[in-house]
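Please treat every number below as a calculation from the coordinates, not as lab data. Everything numeric in this text was worked out from a predicted model, so none of it was measured. Here the Cβ positions follow ideal geometry from the backbone for every residue, glycine too, while neighbour counts run over all protein chains shown.
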Amino acid sequence: MTWDLKSIVVAVDGSDQSIRAAQRGVDLARMSGAKVTVVTVVRTPEGWWGIDGEPPTPEALAAALAEGQRRVLARVMEQLDTDGVEVETDEELGDPATMIIAVCEDRQADLVVVGRRGAGLVERLIIGSVADRLAHDAPCPVMIVP
Ligand SMILES: Nc1ncnc2c1ncn2[C@@H]1O[C@H](COP(=O)(O)OP(=O)(O)OP(=O)(O)O)[C@@H](O)[C@H]1O
Ligand SMILES: [Mg+2]
């Protein structure tokens, strides 16, 4: 039985690593005829509790996050070569790994592709926390691109 690769989810946080990983996912989709969903997740701020001053309204906060997210996705899409591939973008708010998993379930993903590291500021020897969580909990095979 051959692997029927129909739906690939690629997760990007705007980092070069994630864009390189996404390109691998798109290239694989071109070879297999799969559709691609490019997802970016904005982590909701932990909250203003304990911080002095007025919190922004939820509407203002959501608008600001959505705007930033659109910019990240637009930049990623500019850099990806998606010729001949059916690509959709998806923007989510929340915990990145949890939301990526939810998108995999929603899209019935046959594969999810992430970078080994991302936009985290810490120069790590170990795998990033989002990639790590996916390796443990994703509902489909995971491709982690170094
Ligand atoms: N917010 C996000 N939205 C979509 N994909 C993400 C997001 N964060 C990470 N990823 C995916 O996971 C890959 C690994 O990033 P990860 O966040 O695990 O590492 P890191 O940023 O280096 O470390 P950490 O976030 O644990 O400090 C990225 O290359 C990207 O593919
Ligand atoms: Mg990160």
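Between amide H atoms placed 1.01 Å from N, distances below 5 Å from residue 145 occur with 114, 115, 116, all of them 5 or more places distant or on a separate chain.
With the helix formula -39500 (n - 2.57) applied to DSSP H stretches of n ≥ 4, the chain reaches a computed 222 nm mean residue ellipticity of -13000 deg cm²/dmol. Using only side-chain charges placed at the Cβ, +1 for Lys and Arg and -1 for Asp and Glu, the dipole size of the chain relative to its Cα centre rounds to 520 debye. Relative to the 2.2 N^0.38 Å rule of thumb, the chain has a C-alpha radius of gyration ratio of 1.09.
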